[in-house]
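Engineer: Mind having a look at this structure? Questions to follow.
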Amino acid sequence: MPKSETILITGGAGFIGSNLCQFLIDKAISIVCLDNFDDFYSEEIKQNNINDLRKNPLFEFVTGDIRDSVLLDNIFSKRKIDFVIHLAAKAGVRVSISNPQEYFDVNVTGSICLLEAMRKYNVKNLIFSSSSSVYGNKNGKLVETEICDNQISPYAVSKRAVEMLNYNYHINSKFNVINLRLFSVYGKNQRPDLVIYKFINLISNNQPIEIYGNADTTRDYTYIDDIVNAFYSSIEFLKTNDRNIYETINIGNDNPISLRQLVDLIVKTTKRYDIKIIQTEYAIGEVTNTHADINKARRLLNYSPSVSIEKGINLFYDWYKTKNQPFLQAHYQSHTSQPANQSFVNELAKPTQEKKKF
């Protein structure tokens with residue numbers, strides 16, 4: 001990609017965005033990062049995500065909201081934007097149930113503002129961060145050709161709505177669009193509310209973890225490096241194809257594990273065997289299982305996830321320890337010795353039908 005090309009990344013200070021900005025800058029690509037530091041989680045975390053990026057001349061940061069059409073006019077009129085990677089969204093499946101209007105305002109209306117700015121300034125290449133939640137509650141491998149009209153949270157509906165808007169601009173304005181349906185992303189700079197960060201943080205602070213249901217729900221956890229590579233491959237795919245493109249592509253690991261297995265893995269990785277568990281009812285809005293069929297990603301993007309969940313948890317924990325070293329140095333020794341009665345780990349290994357609780 002020539003150095004003269006510039007990519008606008010919305011939501012670029014967040015978890016996925018900050019990793020993607022770094023990856024693209026390392027390839028000498030100029031980035032315009034737009035973020036409004038939404039208060040869903042700490043602004044300080046997002047500022048820390050981009051501290052090093054701000055020192056790079058290829059990185060330009062713009063504070064603002066995708067619903068601000070005047071700001072978008074300013075961004076597109078003063079810069080030659082070649083690609084847009086649209087990550088900005090109001091996050092949180094369960095929270096969206098109690099505040100659907102705000103989720104639609106940010107995720108849907110905001111996306112329309114962005115699409116209109118792209119149309120006005122003749123920017124035709126869009127990669128959109130969609131979600132596995134658009135599939136709703138389904139069993140087995142999830143394939144892109146499935147009908148997706150049974151979402152179970154406003155967040156999921158908003159993501160599906162933007163996919164459909166993208167198709168409208170593809171048909172009517174000849175946009176080239178790739179919707180990437182991401183499956184349970186984790187890794188460096190992860191949001192603190194997401195399960196892997198949340199559990200490791202609570203366990204490291206000797207706090208109880210909350211388990212919804214019987215821990216048999218499954219997720220296809222996908223490490224951030226594989227996600228970032230998929231975005232880059234999508235850029236290359238758009239560049240090297242002359243046809244007008246509209247594709248929706250799953251990006252997952254093709255290896256789902258249960259919550260029970262995930263907790264077991266975290267326990268073994270952190271060596272914190274004396275953990276405490278609070279068991280609650282299933283969370284509304286959350287799907288039961290996800291499993292990405294990634295054949296299309298393999299075919300179109302040459303996508304091949306390289307980080308197993310075991311390796312990924314270790315990589316994340318190494319990053320977490322670096323970020324939280326003072327606390328861990330003070331507390332690590334007192335909480336890592338394995339207790340004589342390893343009942344929790346034994347319980348994790350039991351088949352579901354043998355018990356109702358951990």
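Only the coordinates and a few stated rules stand behind these numbers; no lab work does. Fair warning: this is a prediction, and the values are worked out from it, not measured in the lab. Glycine also receives a Cβ, built like all others from the backbone with ideal geometry; neighbour counts cover every protein chain displayed.
Engineer: For the chain, what is the mean residue ellipticity at 222 nm derived from helices alone (per DSSP H run of n ≥ 4: -39500 (n - 2.57); sum divided by total residues; nearest 500 deg cm²/dmol)?
Structural biologist: Details: 14 runs with 150 residues, N = 358.
The helix-only estimate for the chain comes to -12500 deg cm²/dmol at 222 nm.
Engineer: Amide H of Thr6: which non-local residues (sequence gap of 5 or more, or other chain) have their own amide H closer than 5 Å, using H built in the peptide plane?
Structural biologist: Asp82, Phe83
Engineer: Which cross-chain or sequence-distant (5 or more) residues have an amide H under 5 Å from the amide H of His291, H modelled 1.01 Å from N in plane?
Structural biologist: Leu142
Engineer: No solvent, one uniform scatterer per C-alpha: report log10 I(q)/I(0) for the range 61-195 via the Debye equation at q = 0.13, 0.18, 0.21 1/Å, two decimals.
Structural biologist: Log-scaled intensity ratios, in q order: -0.59, -1.09, -1.36.
Engineer: Length gain on complete extension for the stretch Ser173 to Arg299, per 0.36 nm per residue less the alpha carbon to alpha carbon distance?
Structural biologist: Details: separation 126, 0.36 × 126 = 45.36 nm, distance 2.67 nm.
Contour length minus the Cα-Cα distance gives 42.7 nm.
Engineer: Counting DSSP beta bridges in the chain, what percent are antiparallel, to the nearest 5? Could the numbers behind the result be given before it?
Structural biologist: Working: 2 of 40 bridges.
Approximately 5 percent, going by the DSSP bridge assignments.
Engineer: Where the centre of each part is set by its Cα atoms, how far does the range 211-234 sit from the range 252-302, in angstrom?
Structural biologist: Each part's Cα centre sits 7 Å from the other's.
Engineer: While we're looking at this one, here's another question. Among Ser98, Ser234, what is the fewest-to-most ranking by other Cβ atoms within 10 Å?
Structural biologist: Numbers: Ser98 11, Ser234 27.
Going from least to most buried by this count: Ser98, Ser234.
Engineer: While we're on this one: Between Phe61 and Asp318, 0.36 nm times their residue separation minus their Cα-Cα distance comes to what? Could you put the intermediate results ahead of the total?
Structural biologist: Numbers: separation 257, 0.36 × 257 = 92.52 nm, distance 2.83 nm.
Between Phe61 and Asp318, full extension yields an extra 89.7 nm.
Engineer: Among Lys27/Lys55; Lys198/Lys323; Lys80/Lys124; Lys276/Lys323, which pairs are too far apart, with a Cα-Cα distance over 19 Å? Could the numbers behind the result be given before it?
Structural biologist: Values: Lys27/Lys55 16 Å; Lys198/Lys323 14 Å; Lys80/Lys124 12 Å; Lys276/Lys323 23 Å.
Pairs exceeding the cut-off: Lys276/Lys323.
Engineer: Would you kindly state how much longer the chain becomes between Ser98 and Gln207 on full extension, computed as 0.36 nm times their sequence separation minus their alpha carbon distance, in nm to one decimal?
Structural biologist: Working: separation 109, 0.36 × 109 = 39.24 nm, distance 2.68 nm.
Taking 0.36 nm per residue and subtracting the Cα distance, the gain is 36.6 nm.
Engineer: For the pair Asn74 and Asp193, how long in nm is the line joining their label points, each one 7 Å along Cα→Cβ?
Structural biologist: For Asn74 paired with Asp193, the spin-label model returns 2.8 nm.
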